[in-house]
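J.: Please see the structure below; I have some questions.
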Amino acid sequence: MSKPSNTQIVSPDLPAPRGHFSHAVKAGNTVYVAGLLAFDDQNAIVAPGESGPQAERIFQILEKILRSSGAELSDVVQMTSYVTDITLRGPVNEVRARVFGDTKPASTLVGVAALAAPGAVIEIDAIAVAS
């Protein structure tokens, strides 16, 4: 049995990941996107403590990563959102509805005590199947 080949995706449009991981890994037509925080181009968290602007930035980053892997936002089939306070989901849902339109990926929302960067209140990972 042959092992499927995996391709590490590191978008040239983004700063390099801050640890030993890729922005995403593509296996066949499936793209597994690492957890994304709302870093700007200088590696600072956008709008510390604010879920809406952070979600906006995360979806911009997600789109760049997907483009680098040959996929797009409409190819997203599953997302997990990690928030430091469940009440922050309202602004996130507003941004998500605008960004995805009629596309409605399967989704999980998880409340967490903290995220990996000070001021970050949301992290999102995703799975897409490139069409």
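J.: Do we have any residue at all in the stretch 8-17 that's under 15 Å from ASP125 (Cα atoms), in contact (Cβ under 8 Å) with a residue 60 or more places away in the chain, part of a strand (DSSP E or B) and hydrophobic (A, V, I, L, M, F, W, C)?
T.: Checked against the condition, which is being under 15 Å from ASP125 (Cα atoms), in contact (Cβ under 8 Å) with a residue 60 or more places away in the chain, part of a strand (DSSP E or B) and hydrophobic (A, V, I, L, M, F, W, C), the stretch 8-17 yields at least one hit.
J.: Follow-up. Does GLU50 count as surrounded by 17 or more Cβ atoms within 10 Å (Cβ to Cβ) and closer than 18 Å to ALA114 by Cα?
T.: On the way: surrounded by 17 or more Cβ atoms within 10 Å (Cβ to Cβ): yes; closer than 18 Å to ALA114 by Cα: yes.
Here the answer is yes, as GLU50 does meet what is asked.
J.: For residues that are surrounded by fewer than 19 Cβ atoms within 10 Å (Cβ to Cβ) and touching a strand residue (DSSP E or B) at 6+ places or on another chain (Cβ under 7 Å), scanning just the stretch 119-131, find the one that is nearest to ILE58 (Cα to Cα).
T.: The residue in question is ASP125.
J.: Are any residues in the stretch 88-131 of a type outside the set (A, V, I, L, M, F, W, C), over 13 Å from LEU36 (Cβ atoms) and either at pLDDT below 95 or in contact with a Ser or Thr (Cβ under 9 Å, 6 or more places away or on another chain) (or both), and if so, which ones? If you could, list the steps in order and put the result at the bottom.
T.: The initial filter retains those residues of the stretch 88-131 that are of a type outside the set (A, V, I, L, M, F, W, C), namely 89-91, 93-94, 96, 98, 101-105, 107-108, 111, 118-119, 123, 125, 131.
Filter again for over 13 Å from LEU36 (Cβ atoms), leaving 89-91, 93-94, 96, 98, 101-105, 107-108, 111, 118-119, 131.
Hits for the stretch 88-131 are ARG89, GLY90, PRO91, ARG96, GLY101, ASP102, THR103, SER107, THR108, GLY111, SER131.
J.: Quickly run through the stretch 43-61 and pick out the residues that are out of contact with any helix residue (DSSP H, G or I) (no Cβ under 7 Å at 6 or more places or on another chain) and part of a helix (DSSP H, G or I).
T.: PRO53, GLN54, ARG57, ILE58, GLN60, ILE61
J.: Assess whether LEU115 counts as being touching a Phe, Trp or Tyr at 6+ places or on another chain (Cβ under 9 Å), among the hydrophobic types (A, V, I, L, M, F, W, C), part of a loop (DSSP other than H, G, I, E, B) and over 14 Å from ILE127 (Cβ atoms).
T.: Values: touching a Phe, Trp or Tyr at 6+ places or on another chain (Cβ under 9 Å): yes; among the hydrophobic types (A, V, I, L, M, F, W, C): yes; part of a loop (DSSP other than H, G, I, E, B): yes; over 14 Å from ILE127 (Cβ atoms): yes.
So LEU115 passes the test.
J.: Enumerate the pairs (first residue in the stretch 103-118 and surrounded by 10 or more Cβ atoms within 10 Å (Cβ to Cβ); second residue anywhere and acidic (Asp, Glu) and not in a strand (DSSP E or B)) with beta-carbon separation below 8 Å, excluding pairs fewer than 6 apart on the same chain, so at least 6 apart or on different chains.
T.: Taking only residues 6 or more apart or on different chains, the pairs are GLY111/ASP85.
The values are calculated or read from the model by the stated rules, or taken from the named source; none is laboratory data. Note that the structure is predicted; figures quoted are calculated from it, not measured. For neighbour counting, all protein chains shown are included, and Cβ atoms are generated from backbone atoms with ideal geometry for every residue, glycine included.
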